[in-house]
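First the structure, in the form of structure tokens, and then the observations on it.
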Amino acid sequence: MTDWRPSSGPAAAARRSLLLARTRDYFDRCKVLAVDTPALVASGVTDPNVASIPVDGGYLHTSPEYAMKRLLAAGYPDIYSISRVFREGERGRRHLREFTMIEWYRRDFGLDAIIADTLALIRHAIGDGGDALPATVLDYRDTFIAHAGVDPLTDPVEAFARAAGADEALAASLGDDRDAWLDLLMSTRVAAALAPDALTVIRHYPASQAALARVCPANPRVADRFEVYAGSLELANGYVELTDAAEQAARMRHDIERRRDRGLPPMQRDEALLAALEAGLPPCAGVALGAERLHLFAVGADDIRDVITFEGDLP
């Protein structure tokens, strides 16, 4: 018999509604403008770690980021979006193929300012007790040295493999891909060691993991990128944004090569985004925050199905 029932009850829906209402209230108080962007887009993302879902003639967006940057380049002020996004292959206790992303951009914000903004939003959205949530800001390098016993900027891949306790099959699978090893250590060693029932900000990721962030002006080995964790649960990913169109195009070319080397579906670069950067993206910082994950943390749940109505009917 087909199971038609929702994953959770009205209490979970009420908590989600309050969380999103408080999120909008925070942005209203900060005079951040709500915007909508299309879910169907002509270009997916070149990032080899993100899988776009194709539809006829295009893709379901994995994030409103590219469209929001086009708005900023066109003269929009600080903006935010709460939208459904789609990513292939993401299913599990903390992952969904379709989920809700809270994304926002603040003009002229540096790394410290956007981190403070993110923590303030999370605390406000959680509501009762949120203001008392402790938060620690750590450097990526220091966190890896403390919890994985390796220096992510200088140690060889062999040290990463030893720290991960990798067998021959895993070593052969990851090869000399430094970032793949670091991602593995982040999920299995570092995140697991972070303080429970608290927020931890990890900042200054290696420049090789800059994604759409600028390289740190004070240290070219790292990027002005950060992530916010609640215990071992990743809540948000943020950047001081890259505004250089030529550098963004070079990164996309590198992503396309990495996709080819990994045997992933080819992906074309988003020409509209590059045109917006060439026209002039103002200095800004942006954050993507998973609404369902924030809900998980707020209620102390461990399975994302406890805070959604339906997972979706597609296999």
Query - Under 5 Å, built H, 5+ apart or other chain: amide partners of ALA223 - result: TYR205, ALA207, CYS216
Requested in this report: Starting from segment 18-83, pick out the trypsin sites (Lys or Arg not before Pro) whose DSSP state is loop and whose Cβ has at most 12 other Cβ atoms within 10 Å.
Outcome: LYS31
**Report entry** Charge dipole (debye, nearest 20) of segment 1-45; +1 at Cβ of Lys and Arg, -1 at Cβ of Asp and Glu
**Finding:** 220
Query raised in the report: Please identify the chymotrypsin sites (Phe, Trp or Tyr not before Pro) of segment 4-92 that satisfy two criteria: DSSP loop assignment and at most 12 other Cβ atoms within 10 Å. Which are they?
Result: TRP4
Query raised in the report: Based on the alpha-carbon gyration tensor of the chain and its eigenvalue square roots a ≥ b ≥ c, which shape applies: rounded if a/c is under 1.5, prolate if not and a/b is larger than b/c, or oblate?
Result: rounded
Report summary line: Amide H neighbours of LEU138 at under 5 Å, excluding residues fewer than 5 places away on the same chain, with H built from the backbone geometry, are VAL201, ILE202, ARG203
Query raised in the report: Hey, with R₀ at 41 Å, roughly what FRET efficiency would ARG22 and ALA146 work out to, going by the Cβ-Cβ distance, to 0.05?
Result: 0.75
Report summary line: For segment 98-195, shape from the Cα gyration tensor axes a ≥ b ≥ c, cut at a/c of 1.5 then a/b versus b/c, turns out prolate
Query raised in the report: Tell me, what ³J(HN,Hα) does each residue in segment 239-253 have, in order and in whole Hz, if you take phi through Karplus 6.51 cos²θ - 1.76 cosθ + 1.60 with θ = phi - 60° and put x for Gly and Pro?
Result: 9, 7, 6, 6, 10, 8, 5, 5, 5, 5, 5, 5, 5, 5, 4
**Report entry** Of LEU170, LEU294, LEU235, the one that fluctuates the most in a GNM where the chain has Cα springs shorter than 10 Å
**Finding:** LEU170
Report task. Could you go through segment 187-195 in sequence order and give the Karplus-derived ³J(HN,Hα) for each residue, using 6.51 cos²θ - 1.76 cosθ + 1.60 with θ = phi - 60°, rounded to whole Hz, and x for Gly and Pro? Result -> 6, 9, 10, 6, 4, 5, 9, 6, 4
Query raised in the report: To the nearest 500 deg cm²/dmol, what mean residue ellipticity at 222 nm is calculated for the chain from DSSP H runs of n ≥ 4 alone, each contributing -39,500 (n - 2.57), summed and divided by the residues?
Result: -11000 deg cm²/dmol
Query raised in the report: If contacts are Cα pairs under 8 angstrom and at least 6 residues apart, what is the relative contact order of the chain in percent?
Result: 25
Requested in this report: Evaluate the charge dipole of the chain about its Cα centre and quote only its size in Debye, nearest 20, assuming +1 on the Cβ of each Lys and Arg and -1 on the Cβ of each Asp and Glu.
Outcome: 480
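Rule-based calculations on the coordinates, nothing more; no lab input. Keep in mind that what you see is a predicted model, and the values were worked out from it rather than measured. Every residue, glycine as well, gets a Cβ built from its backbone with ideal geometry; the counts of neighbours run over all protein chains shown.
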